[in-house]
Amino acid sequence: MSKLSVQNLVTSQYTKKSRDVDIRTQTQRRPNIILILADDLGYGDLGCYGQKQIKTPSLDQMAREGMRFTDFYSGSTVCAPSRCTLMTGYHTGHCRIRGNNGADDISLLAEDITVAEILKAAGYSTAMFGKWGLGGTGSTGEPHLKGFDEWFGYLNHVHAHDYYPSYLWRNQQKIPISPGTYSHNLFTHEALDFIRRKQDEAFFLYLPYTIPHANNELGDEGMQVPSDAPYSQEPWPQQQKNYAAMISLLDADVGKILALLAELGLEEDTIVFFSSDNGPHEEGGATAEFFNSNGSLNGIKRDLYDGGVRVPMIVRWLGTIQPGEYHQPYALWDFLPTVTEIARIPTPKGIDGISMLPALLSQPANNHEFLYWEFHERGFEQAIRMNRWKAVRHGLDQPIELYDLEKDVSEQRNVANKYPEIVRRIADILQSQNLRVESSEFPIFSKLYPAHLSLAKGHMPDKLSA
């Protein structure tokens with residue numbers, strides 16, 4: 001989609017569906033939108049999702065005041081593809097970046113339209129502070145080319161491992177960072193400053209923090225944090241103290257953002273989303289088991305079992321969203337159509353995401369027929385979430401595993417032999433020609449997808465035209 005067509009999209013007439021959903025159209029301004037994204041935060045790492053040892057009072061309060069999703073999923077089980085699904089509204093069978101391997105060399109292209117581009121064209125002020133990971137220096141995927149008026153942080157994933165960097169990027173300039181400066185604190189400062197500066201206009205703030213990702217280059221000493229308080233006296237291994245302290249620091253900064261919205265009188269004019277890009281890691285000397293970071297789920301980061309892809313999602317919009325829980329599956333690629341509907345602008349046609357807004361407003365909601373993931377770092381793995389069923393396949397020549405999440409949320413009992421008709425239905429989905437488009441950067445070669453081999457150009461499907 002060209003830049004002109006993005007503008008045409010946001011200035012065209014709204015669809016009937018958009019008009020039918022009551023989002024306080026009597027208000028004078030479009031709502032501000034804030035998305036806070038943690039990095040490798042597990043489903044069980046927050047008190048409102050069952051955590052008993054790590055203190056997260058701000059996010060727990062946010063959950064009490066908003067909507068807590070119990071069956072929300074990341075875009076992938078690792079960073080780069082998950083962020084790609086978030087920005088574009090496509091799942092990993094259709095989005096451009098489908099794995100971390102080589103991700104620093106693969107960028108979004110001009111035709112890969114992001115949620116920030118759409119909101120900017122609609123008049124929103126847009127900013128990103130934190131970890132980008134969808135295009136490096138001089139690429140077509142730099143944040144300023146993908147819809148952000150201003151941005152500050154890391155461009156690539158490996159650089160983002162270091163919490164005490166010697167430099168960061170501000171827009172297109174490399175900025176020296178003073179020794180001993182903890183980068184997370186800079187991102188919070190930038191976010192608070194942006195909200196103050198833009199309080200009188202509609203804004204979109206994307207805050208992809210790096211907490212609690214490990215600095216993998218430091219081995220078992222990779223959980224970097226300025227202080228292990230308030231856990232200094234706990235009889236825990238040092239890296240677990242650090243892991244907990246990182247999450248509590250993140251929580252405190254979410255509290256600062258919510259407090260500033262209250263101070264400026266913006267609470268009812270701002271919808272705040274909080275989520276994570278994938279499940280918990282076991283890196284930097286930390287283990288997911290110590291704090292039960294994946295809750296009762298099976299798997300961690302790099303697994304397509306729910307522990308690797310089911311994540312927290314909390315949404316707060318005071319005066320509009322009633323406190324509660326939602327139990328049907330949604331995923332990060334649903335963010336784009338949700339916020340375009342909230343902003344009362346048209347949604348690109350043909351994306352994989354659907355709007356969560358009716359669910360947020362406690363209205364009858366459209367639900368996915370299924371969610372789909374593919375993962376390319378350990379051969380080729382696929383997963384499907386379809387209603388109560390979860391299917392995982394560890395290779396095109398491997399059998400489909402099937403789990404009944406209503407009875408077995410930990411995915412311990414493979415019931416494929418018991419429900420052959422469900423397995424056949426999922427097999428049909430996995431062989432569907434509409435499920436995925438072959439990618440030259442992340443290729444698979446199988447007789448299951450002959451029609452797609454001619455499309456191995458790495459392009460997104462030609463479905464974005466509005």
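The values are calculated or read from the model by the stated rules, or taken from the named source; none is laboratory data. Note that the structure is a prediction, hence the values are computed from the model and not measured. Every residue, glycine as well, gets a Cβ built from its backbone with ideal geometry; the counts of neighbours run over all protein chains shown. Just so you know, the surface numbers come from the protein's heavy atoms only, side chains and all, with ligands and any DNA or RNA stripped out. Shrake-Rupley method; radii C 1.70, N 1.55, O 1.52, S 1.80 Å.
Provide a single number: the residues in the range 228-238 that are open to solvent by 20 Å² or more (accessible area, probe 1.4 Å) and closer than 19 Å to Asp45 by Cβ.
So the count comes out to 7.
The number of residues in the range 155-168 being within 22 Å of the chain's Cα centre (by Cα), open to solvent by 10 Å² or more (accessible area, probe 1.4 Å) and in contact (Cβ under 8 Å) with a residue 24 or more places away in the chain comes to 5.
Residue check: is Lys131 of a type in the set (Lys, Arg), open to solvent by 10 Å² or more (accessible area, probe 1.4 Å) and either under 20 Å from the mean Cα position of the chain (by Cα) or more than 28 Å from Ile384 (Cα to Cα) (or both)? No. Looking across the range 84-127, the residues that are under 30 Å from Asp200 (Cα atoms), touching a Phe, Trp or Tyr at 6+ places or on another chain (Cβ under 8 Å) and not hydrophobic (A, V, I, L, M, F, W, C) come down to Thr88, Gly89, Lys120, Tyr124, Ser125, Thr126.
A quick yes/no check of all residues on (1) out of contact with any Ser or Thr (no Cβ under 8 Å at 6 or more places or on another chain); (2) under 24 Å from Ile34 (Cα atoms); (3) touching a residue at least 40 places away in the same chain (Cβ under 8 Å); (4) part of a loop (DSSP other than H, G, I, E, B):
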position	(1), (2), (3), (4)
Ile211	yes, yes, yes, yes
Pro226	yes, no, yes, yes
Gln239	yes, no, yes, no
Asp251	no, yes, yes, no
Lys256	no, yes, yes, no
Leu260	yes, yes, yes, no
Glu283	yes, no, yes, yes
Glu289	yes, no, no, yes
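In the set (1) open to solvent by 10 Å² or more (accessible area, probe 1.4 Å); (2) at pLDDT 95 or above, the condition left unmet by Gly141 is number (1).
The residues of the range 60-93 that are out of contact with any Gly (no Cβ under 9 Å at 6 or more places or on another chain) and over 18 Å from Phe273 (Cα atoms) amount to a single one, Gly93.
Could you list all residues from the range 404-425 that are free of Cβ contacts under 8 Å to residues at least 60 places away in the same chain, assigned to a loop (DSSP other than H, G, I, E, B) and closer than 21 Å to Asp71 by Cβ?
First pass over the range 404-425, keeping only residues free of Cβ contacts under 8 Å to residues at least 60 places away in the same chain: 404, 406-408, 413-425.
Next cut, assigned to a loop (DSSP other than H, G, I, E, B) only: 406-408, 413-419.
Correct list: Glu406, Lys407, Asp408, Arg413, Asn414, Val415, Tyr419.
A count restricted to the range 248-273 and to residues that are open to solvent by 10 Å² or more (accessible area, probe 1.4 Å) and hydroxyl-bearing (Ser, Thr, Tyr) stands at 1. Which of the residues belonging to the range 347-381 are surrounded by 15 or more Cβ atoms within 10 Å (Cβ to Cβ), among the acidic types (Asp, Glu) and assigned to a loop (DSSP other than H, G, I, E, B)? Answer for the range 347-381, where residues must be surrounded by 15 or more Cβ atoms within 10 Å (Cβ to Cβ), among the acidic types (Asp, Glu) and assigned to a loop (DSSP other than H, G, I, E, B): Asp352, Glu377. Residue count for the range 173-199 under the criterion of being within 24 Å of Val225 (Cβ to Cβ), in a loop (DSSP other than H, G, I, E, B) and open to solvent by 50 Å² or more (accessible area, probe 1.4 Å): the result is 3.
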